[in-house]
Structures are given as structure tokens and as C-alpha cells.
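Student: Handing you a structure now.
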Amino acid sequence: MASPQTLVLCLLVLAVSEDWGQEAAIPGCHLHPFNVTVRSDRQGTCQGSHVAQACVGHCESSAFPSRYSVLVASGYRHNITSVSQCCTISGLKKVKVQLHCVGSQREELEIFTARACQCDMCRLSRY
């Protein structure tokens, strides 16, 4: 029978080798491919699929007691200061998706995909 250390090592190797776990194991903010299905309308008259890119990962964040000047300026209400960054899309590109329609008709549609990622200020964004 295998020792407990051997079993733990095998489980760790198995967990890290899975596709879904690779981005989580690598620190930072990275491009991550995913399949997207595009339809020309709600009925799906024409549709196609494409591999698009998303930004996945984690960035640095911290929280610490506020400086004395911040405490005074806030009337002693702002006693914790936090700083954080989020994994965001820093560059977009257009890609063409071939849509297959009823019969042998085809259409082409452009969609956006991430070109580059970076850790940046956290904010609500619409691309």
C-alpha cells in the first residue's frame, strides 16, 4: 500500500495537471481561451462558434491601518485603507466569425476578443 505522502503527492500532481487548474496555479493575469457560440438572431437562423480570449487570474490587494493624516481628514471614520487591482482586458481585437445559415448560406460577423491583459484599477467597465 502506498504511503500517505505518496498519495498526497499524486493528488497534487493530478490537480495541477487539469486544464481548469492551470491558470489558478500561475500567479498574475493571463489570456484564457474559451468557446463562444454566436447567433445572428434569437431563433439561431445563422450560427457559428469561435475561440475567444478572456482575462483570467489574480492581482495584488492589501489592507492596512490608515495613516494618521487620513484618520484626521476623515474625522477618524476611515481607519482602514485598502488597495487592490483587478485582472482586466488591456487590449481588444476584432475577429471574424463564420456563421452557417439554413441551406448553404454563410454570413460573417465581427466580435471582440481580448488581445492583452493586465492588473489594473478595479472598476465597472463596458467594452
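Student: Residue 53 fails exactly one of the following numbered conditions: (1) out of contact with any Ser or Thr (no Cβ under 6 Å at 6 or more places or on another chain); (2) at pLDDT 95 or above; (3) under 26 Å from residue 124 (Cβ atoms). What is the number of that condition?
Tutor: Only one criterion in (1) out of contact with any Ser or Thr (no Cβ under 6 Å at 6 or more places or on another chain); (2) at pLDDT 95 or above; (3) under 26 Å from residue 124 (Cβ atoms) is unmet by residue 53, namely (1).
Student: Residues in the range 80-127 that are assigned to a loop (DSSP other than H, G, I, E, B) and more than 18 Å from residue 33 (Cβ to Cβ): how many?
Tutor: Going through the range 80-127 one residue at a time, the tally reaches 9.
Student: Restricting the search to the range 36-79, which residues are outside any strand (DSSP E or B), of a type outside the set (Ser, Thr, Tyr) and farther than 30 Å from residue 99 by Cβ?
Tutor: 59, 60, 67, 70, 71, 72, 73, 75, 77, 78, 79
Student: Shifting gears a bit: Would you mind telling me which numbered condition in (1) over 15 Å from residue 51 (Cβ atoms); (2) modelled with pLDDT of 95 or more; (3) out of contact with any Ser or Thr (no Cβ under 7 Å at 6 or more places or on another chain) residue 117 fails?
Tutor: (3)
Student: Any residue at all in the range 52-67 that is farther than 30 Å from residue 82 by Cβ, in contact (Cβ under 8 Å) with a residue 12 or more places away in the chain and of a type outside the set (Val, Ile, Thr)?
Tutor: There is at least one residue in the range 52-67 that is farther than 30 Å from residue 82 by Cβ, in contact (Cβ under 8 Å) with a residue 12 or more places away in the chain and of a type outside the set (Val, Ile, Thr).
The values are calculated or read from the model by the stated rules, or taken from the named source; none is laboratory data. All of these numbers come straight from a predicted model, not from anything done at the bench. Note that we place each Cβ from the backbone using ideal geometry, even for glycine, and neighbour counts take in every protein chain shown.
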